[in-house]
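Notes for the one structure printed next.
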Amino acid sequence: MVRRPFASVEEMNEAMIERWNAKVGPNDTVYHLGDFGFLKNQRRHDEVLDRLNGEIHLIHGNHDHTLTRKQKRWASSEKYLEVETPMGRFVLFHYPIEEWNGYFRGAMHLHAHTHRPEKVGAVALHSRVNVTVEAWDYAPAHVDEIAAVWPR
């Protein structure tokens, strides 16, 4: 079990909102790789989402309720997504997978789900990066930070 450095869920939520907005500007694009939040209070859930900067694309996590996935605030809401960048292809999926499209051609797989703090899991000669908040000090991982750990 991962120890979280917060006294309460509310303290953790406030810290994550603050850290998110410190890294993400209003016009930045963010890919959230799932488990946005446990849906216990839809109004509170929406209030948190409305406080976050950026154009946010949701990749569905196993804890993302149907109401979460259909929230109008998302720029998109998908189970899986491939994004071409100047750095190469990113394969975005909530779960870590053993092989992905472009695996043998240098594509990187970004995932969450595990809630463990390690950032890189080498898979043969290719890599995936764990972008769960626990691995990035409870903040979104910036593409430059991901590039720094990508063993190309």
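Side notes on the structure shown:
- Student exercise, the chain dipole from Lys, Arg, Asp, Glu Cβ charges, in Debye to nearest 20: 260 debye
- Shown for the chain: the carbon plus sulfur share of the solvent-accessible area, taken with all protein chains present and a 1.4 angstrom probe, equals 53%.
- Gain on full stretching of the segment that runs from residue 27 to residue 65 - 0.36 nm per residue minus C-alpha separation: 11.0 nm
- For segment 3-143, with +1 on Lys and Arg beta carbons and -1 on Asp and Glu, the positive-most of 41, 7, 141 along the dipole: 41
- Positive-end extreme of charge dipole, the chain - chosen from 74, 85, 16 (charges on Cβ): 74
- Accessible area per residue, Å², segment 1-96 with all protein chains present, probe 1.4 Å: 62 Å²
The values are calculated or read from the model by the stated rules, or taken from the named source; none is laboratory data. Bear in mind the structure is a predicted one, so any value in this text is a computation, not a measurement. So basically every Cβ, Gly included, is an ideal-geometry build from the backbone, and we count neighbours across all protein chains shown. We work out accessible area using only protein heavy atoms, side chains counted, and drop any ligands, DNA or RNA first. Shrake-Rupley method; radii C 1.70, N 1.55, O 1.52, S 1.80 Å.
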